[in-house]
Amino acid sequence: MIIRKLFKFENAHIVRGCSTIKCRSSIHGHSYKVELLFESNFLDNGQMVYDFGLMKQNMKDLVESFDHAIALWKDDDKEFISDMKRHSARWVELPVSPSAEQFSRVIFLLIDKLLSLTSKINGEKEVKLHSVIVHETDTGYAQCFAEDAYSKEMGDIDLNEIIFSKAILDDFKDNNLFEKMKAEELFVNPKAV
């Protein structure tokens, strides 16, 4: 069975090297919709694959870290990166260009890592992240599966190379969430509220 949770965020970026002149040469923004799809052949004690309420905690913080932020590619012009960081409190520096395709891969890796480190509290079994869909517009989206997320051919994504600004980290319910993920610390999933 597959379940889906939808999140939304507003983000600005430049996608260098793309075909469209406006896209590769001007900062612009999108109203993103992100779908997290989870799968399992089992139901928990509440007859659910995974409680949607649990997704409103750390998963929500990770996806919404991109909200009202600028996404920067670490290989972009150093002066541009420095200027954007100086003029925006909320920024995320990525090891890949912030296209919808790469956003879907980054978010897949973040959520997959978090899910693997989160203890199960209600009899959840074999819950896996099936895919992540990032809608950049109403008519265009990218969908990432595990083989895409971990593909070297699409660009290596090391969680240690993702940098969230202090303003973003301060917005997490657990300010050390990302550091704990990189250190592979286990999370205890509190009861959904």
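Looking at the structure I just gave you, is ASP67 touching a strand residue (DSSP E or B) at 6+ places or on another chain (Cβ under 8 Å), touching a residue at least 40 places away in the same chain (Cβ under 8 Å), assigned to a loop (DSSP other than H, G, I, E, B) and surrounded by fewer than 19 Cβ atoms within 10 Å (Cβ to Cβ)? Judged against the criteria, ASP67 is a match.
Tell me yes or no: at least one residue of the stretch 87-99 is modelled with pLDDT under 95 and either over 15 Å from the mean Cα position of the chain (by Cα) or under 18 Å from ASP67 (Cα atoms) (or both). No, the stretch 87-99 has no match at all.
Considering only residues of the stretch 136-149 that are within 26 Å of ARG90 (Cβ to Cβ) and of a type in the set (A, V, I, L, M, F, W, C), which is surrounded by the fewest Cβ atoms within 10 Å (Cβ to Cβ)? Selected residue: ALA142.
Residue by residue, here is whether (1) surrounded by 11 or more Cβ atoms within 10 Å (Cβ to Cβ); (2) within 16 Å of the chain's Cα centre (by Cα); (3) of a type in the set (Val, Ile, Thr) holds:
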residue: SER151; (1), (2), (3): yes, no, no
residue: ILE157; (1), (2), (3): yes, yes, yes
residue: ILE162; (1), (2), (3): yes, yes, yes
residue: ALA167; (1), (2), (3): yes, no, no
residue: PHE172; (1), (2), (3): yes, yes, no
residue: LEU177; (1), (2), (3): yes, yes, no
residue: ALA183; (1), (2), (3): no, no, no
residue: VAL188; (1), (2), (3): no, no, yes
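Here ASP51 meets each of (1) surrounded by fewer than 15 Cβ atoms within 10 Å (Cβ to Cβ); (2) modelled with pLDDT under 95 with one exception, condition (1). The number of residues in the stretch 31-60 being outside any helix (DSSP H, G or I) and touching a strand residue (DSSP E or B) at 6+ places or on another chain (Cβ under 6 Å) comes to 11.
Take the stretch 74-99 and flag every residue that is surrounded by 17 or more Cβ atoms within 10 Å (Cβ to Cβ), touching a residue at least 60 places away in the same chain (Cβ under 8 Å) and of a type outside the set (Asp, Glu). Across the stretch 74-99, the qualifying residues are ARG90, TRP91, VAL92, LEU94, PRO95, VAL96, SER97, PRO98, SER99. The numbered conditions (1) within 20 Å of ALA142 (Cβ to Cβ); (2) surrounded by fewer than 14 Cβ atoms within 10 Å (Cβ to Cβ) are all true for LYS113 except (2).
The set of residues in the stretch 5-23 that are in a loop (DSSP other than H, G, I, E, B) and β-branched (Val, Ile, Thr) comprises ILE14, VAL15, THR20.
Here is a yes/no grid of residues against (1) free of Cβ contacts under 8 Å to residues at least 60 places away in the same chain; (2) touching a strand residue (DSSP E or B) at 6+ places or on another chain (Cβ under 8 Å):
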site: PHE103; (1), (2): no, yes
site: SER116; (1), (2): yes, no
site: SER131; (1), (2): no, yes
site: ALA142; (1), (2): yes, yes
site: ASN175; (1), (2): yes, no
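The residues of the stretch 74-106 that are β-branched (Val, Ile, Thr) and part of a loop (DSSP other than H, G, I, E, B) amount to a single one, VAL96.
Considering the conditions (1) in contact with a Pro (Cβ under 8 Å, 6 or more places away or on another chain); (2) farther than 22 Å from GLY17 by Cα, LYS74 is excluded by exactly one of them, (2).
The values are calculated or read from the model by the stated rules, or taken from the named source; none is laboratory data. Since we're looking at a predicted model, the values are computed, not measured. As a convention, Cβ positions derive from the backbone with ideal geometry for all residues, glycine included, and neighbour counts pool all protein chains shown.
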